[in-house]
Amino acid sequence: MGVRIKSTGIGRDTDTFSIVELSGRAARRAMESAGIEPGQVGVMINAGVFRDSNTVEPAVSALIQKAAGIGLDYVKEDPRTFSFDLMNAGTGVLNAVQVAQAVLATGTTDHVLIVSGDTHPSLTRAAADDEFPYATAGAALLLEQTDAPEGFGRVITRSAAGTPGLESYVDVETMGDRGRGLMTVEREPDYLDRLLAVAAEAARAALAGSDIDEAATALIASTPDADFPARLAAELGIAPEAVFTPDLTQGDPHTASLPLAYHAAADTDSLAPYRDVLFVSAGAGPSAAAVVYRLPALAGAAA
């Protein structure tokens, strides 16, 4: 048995900069697209990192769960939804896939919902800049178990030695009473090259452990800069036309990058020529995760 993507949803509306609201909308749209009720989601995992007003408590997953309308009733017989934050820089979404695979294998729920996305903590802008290199966007993947030969394979993770390469933090002493609206981001000059190396290592390990036709494999990767997916494809020998990215006009959507790219490609039927998608996520650490996803439509089953 495998775990497949049942539906996706995105939140890139321009009437709010709140990642709680945008991720909640993405979650609702994913459920609506799949035709399921909120009570059918047993677990919701939030992989976002940068949140509204640098919120620490409560867990942002609980706020997104409320915005999505999941688990709002508390009658004894009502279904329960467990939600939590899983933050691991740019690799969080694929780490959440790992957790979802384990949860769905137990048979305790039919659906796991992964949400991701980031925003500037000041809630005053959506576009990235040199000081804060992340665009505001929310996204959701609704996952289910399937008996068909499709879905996610084994998620491979890798990390590199040395310094993290990129660090984000709130300097309380410097920021004073403005700390809820500010974030310091420091990136080392060789960060992207180090990130590319560890991403390629994880990707090769995922490919080596899968029965795939590389000529029929698409690539969806993190976007720490606009050229990163293409550079990774060149390292792996994947054709440029097989690389799919999200809308980068406002910069890097960070944790939402992979689901945004998949949503856009699936929505336009651009993945039809391919049998598999290689997902590669990478971020601070430097660290990376990779997994091969067998596309349902080409495995003889409906998504």
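Bear in mind that the values in this text are calculations on the coordinates, not laboratory data. Every value quoted in this text rests on a predicted model; they were computed, and no experiment measured them. Cβ: placed from backbone, ideal geometry, glycine included. Neighbour counts: every protein chain shown.
In units of 2.2 N^0.38 Å, what is the alpha-carbon radius of gyration of segment 75-195?
For segment 75-195, the normalised Cα radius of gyration is 1.36.
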> Within the chain, what is the longest stretch that has no GluC sites (Glu not before Pro) placed in a DSSP loop and near at most 10 other beta-carbon atoms within 10 Å?
Replying inline: 132-303
> Mind checking the alpha-carbon convex hull of segment 241-289 and giving the volume per residue in Å³?
Replying inline: 87
> If we count every other residue with Cβ under 11 angstrom of F228's Cβ, Lys/Arg +1 and Asp/Glu -1, where does the sum land?
Replying inline: -4
> Between Q250 and D147, what FRET efficiency follows from the Cβ-Cβ distance if R0 is 35 Å, with the result rounded to 0.05?
Replying inline: 0.30
>> For a quick check, take a GNM of the chain with Cα springs below 10 Å and name the residue from Q40, Q145, Q101 with the largest mean-square fluctuation.
In response: Q40
> Which of the helices in the chain meet the span-like rule: DSSP H, Cα axial reach of 24 Å or more, Kyte-Doolittle mean at least 0.0?
Replying inline: 191-208
> What spacing in nm lies between the two simple spin-label points modelled at V56 and A105, each 7 Å away from Cα in the Cβ direction?
Replying inline: 3.6
>> Based on the alpha carbons, how large is the Rg to Rh ratio for the chain when Rh follows Kirkwood?
In response: 0.96
>> Only four residue types carry charge here, +1 at the Cβ of Lys and Arg and -1 at the Cβ of Asp and Glu. Report the dipole size of segment 62-210 about the Cα centre in Debye, rounded to the nearest 20.
In response: 260
